[in-house]
Amino acid sequence: MAFILYFTCVFIGGYLLFNVAYFLISAIAGRLGSADDVSPSKAVDRFRRIAVLIPAYKEDAVIVGSVIANLNQTYPSDLFDLIVIADSFQPQTLEKLSRYPIQVIRVEFEQSTVQKSIIYALNSLPENVYDIVVISDADNHMAADFLERINQAFGQGWRAIQGHRVAKNTNKGVAIFDAMNEEVNNNLFRAGQRALGLSAMCTGSGMAFEPTLLKDALDQIKTVGGYDKELEMLLTINHIKVGYLQEAIIYDEKVQNVAVFNKQRTRWIAAQVYFVKAYFTIGIQQLVKGNGQAFNSMFRSLLLPRLILLTILYLLAFASLFIDNQEFKLLSLGAFGFMVISLAISIPVSLWQKLSIRDFLVLPMLIFSMFKSLLNFKKASKVFLHTPHAETSDVN
């Protein structure tokens with residue numbers, strides 16, 4: 001019994017330390033490395049025709065504002081089309097959308113998911129017309145030069161690209177912490193991964209693909225939520241690397257209250273659990289075949305959610321202060337310190353400056369919400385949990 005307990009403690013401790021090491025290495029690489037951006041002054045080989053797909057489920061509150069913002073591109077207007085995939089919209093919203101130079105594809109499913117909407121739209125598009133398909137959320141606002149930068153990247157030979165998703169709103173404490181989480185993801189799993197020569201992690205929107213590449217991958221996806229993880233995995237299995245453009249900005253609305261935060265994280269954890277079950281063996285097989293990209297895409301889903309990891313490390317570090325064991329104290333305090341450093345260097349100074357003392361009072365509720373989502377994730381694996389959006393105006 002004592003041996004089993006010892007082995008369990010060593011295993012758990014090793015797992016936690018490996019999490020910290022992975023995050024720390026990625027964080028440093030993200031800060032020291034460079035993304036795949038092309039200088040704006042570099043000559044453009046040609047202007048490709050781009051379809052911007054906007055899957056939207058009951059997004060009446062934000063869709064019109066997003067359409068207006070996203071039409072404001074410096075890219076030639078006759079070479080890109082905004083295509084709203086309207087799922088369960090109100091008639092008055094559809095009437096408003098008809099006033100703008102966009103396409104609207106109406107859909108309705110028994111069980112709505114983002115990938116179903118995208119697949120339906122891809123099948124509806126004329127063949128051999130579009131060179132690039134961009135995926136944007138209903139609340140997303142592309143920066144004016146977003147499509148220009150995407151086009152430049154494809155001119156460099158990229159077939160799959162992830163743009164830089166940035167917070168559209170930092171009006172509440174929850175939104176600021178969510179914005180910080182987004183930037184940590186950008187540094188660790190996009191800039192950091194690319195600096196290490198790995199494929200950037202897809203994030204669900206602000207993505208661009210060759211149309212046939214995207215369609216072939218989406219046809220194989222079976223998850224209810226979190227299709228972006230599976231999409232990236234299928235691409236890397238086929239040795240397609242995803243690039244990352246730090247300067248291709250797309251603004252994304254951050255959650256503004258704890259209830260929505262909990263719903264969103266529950267959906268994410270459900271997607272993570274499904275992904276590990278579906279692709280763990282495949283990831284190992286890909287590693288044996290020499291495909292480290294695909295293995296890494298799977299391996300990232302074995303990492304603990306950072307807020308949960310940070311809480312566990314804090315509790316261990318705090319407990320070590322009352323335990324007379326120098327080795328345990330050194331490892332606990334060191335792991336917690338390195339994890340804090342990983343997160344701190346990944347967050348832009350501009351976001352730190354937005355925090356007030358009152359905002360930190362929200363943090364315990366977010367931590368509790370994350371642990372609560374661990375208990376409810378099975379629900380999200382069967383039914384898509386829609387995250388509602390509200391129109392915001394404080395675009396950074």
Centre separation in Å (Cα based) which lies between segment 1-55 and segment 282-338: 14 Å
Once both label points are put 7 Å beyond Cα along the C-beta direction, the Leu375-Gln92 separation in nm becomes 4.0 nm
Convert each backbone phi in segment 295-303 into a coupling constant with the Karplus relation 6.51 cos²θ - 1.76 cosθ + 1.60 (shift: θ = phi - 60°), then list the ³J(HN,Hα) values in order as whole Hz, x for Gly and Pro. 4, 5, 4, 6, 4, 4, 6, 8, 6
Say each of Phe280 and Ser77 gets a label point 7 Å from the Cα, pointing the same way as Cα to Cβ; how far apart are those two points in nm? 5.4 nm
Consider just the alpha-carbon atoms of the chain and return their Rg together with their Dmax, both in angstrom. 21.4, 72
On the formula 1/(1 + (r/R0)^6), with r taken between the Cβ atoms of Tyr6 and Leu355 and R0 of 45 Å, the FRET efficiency rounded to 0.05 is 0.60
Provide the packing ranking of 120-132, 104-116, 319-331, i.e. peptides ordered by the mean count of other C-beta atoms within 10 Å per residue, highest first. 104-116, 120-132, 319-331
Run the simple label-point estimate for Asn257 and Arg106 please: 7 Å along Cα→C-beta, distance reported in nm. 3.1 nm
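Based on DSSP, what percent of beta bridges with both residues in segment 50-255 are antiparallel, to the nearest 5?
Of the beta bridges lying entirely in segment 50-255, close to 25 percent run antiparallel.
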Pull up all non-local amide H partners of Val166: gap of 5 or more, or a different chain, and H-to-H distance under 5 Å with H placed in the peptide plane. Ile250, Tyr251, Asp252
Distant-in-sequence amide H partners of Ile85 (H built 1.01 Å from N, under 5 Å): Ile54, Ala56, Ile105
The exposure ranking of His239, His164, fewest beta-carbon neighbours within 10 Å first, is His239, His164
Below 12 Å, Cα to Cα, which aspartates and glutamates can Lys116 reach? Residues fewer than 8 away in the same chain don't count. Asp87, Glu108, Asp219
Given a cut-off of under 8 Å on Cα pairs at least six residues apart, what relative contact order in percent is computed for segment 50-255? 27 percent
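222 nm [θ] for the chain, helices only, -39500 (n - 2.57) per DSSP H run of 4+, per residue, to 500?
It comes out at -16000 deg cm²/dmol, rounded to the nearest 500.
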Highest-fluctuation residue, Ile135, Ile50, Ile357 considered, GNM on the chain with Cα pairs under 10 Å: Ile357
Here the FRET efficiency for Ala144 versus Leu333, based on Cβ atoms and R0 = 45 Å and rounded to 0.05, is 0.45
On alpha-carbon atoms, Rg over Rh for segment 50-255 using Kirkwood Rh? 0.94
Just want the ordering: Trp352, Trp158, from fewest to most Cβ atoms lying within 10 Å of their own Cβ. Trp352, Trp158
May I ask you to sort Phe275, Phe299, Phe209 by Cβ crowding, counting other Cβ atoms within 10 Å and putting the fewest first? Phe299, Phe275, Phe209
Mean separation of Cα contacts under 8 Å (6+ apart) over length of segment 1-152, as relative contact order %: 34 percent
Could you give me the ³J(HN,Hα) list for segment 150-155, computed from phi with Karplus coefficients 6.51, -1.76, 1.60 and θ = phi - 60°, whole Hz, x at Gly and Pro? 4, 4, 4, 5, 5, x
Taking the chain and dividing mean pair separation by its residue count, relative contact order in percent (alpha carbons under 8 Å, at least six apart): 23 percent
With θ set to phi - 60°, apply the Karplus curve 6.51 cos²θ - 1.76 cosθ + 1.60 along segment 192-197 and write out the HN-Hα couplings as whole Hz, x wherever there is a Gly or Pro. x, 5, 5, 4, 8, x
Going 7 Å from the Cα of Asn325 in the Cα-to-Cβ direction, what parts of segment 1-25 have a backbone nitrogen less than 14 Å from that spot? 2-14
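Throughout, read-outs are computed from the coordinates displayed, never taken from laboratory work. Just so it is clear, the structure is predicted and the values come from calculations on it, not from any experiment. Glycine also receives a Cβ, built like all others from the backbone with ideal geometry; neighbour counts cover every protein chain displayed.
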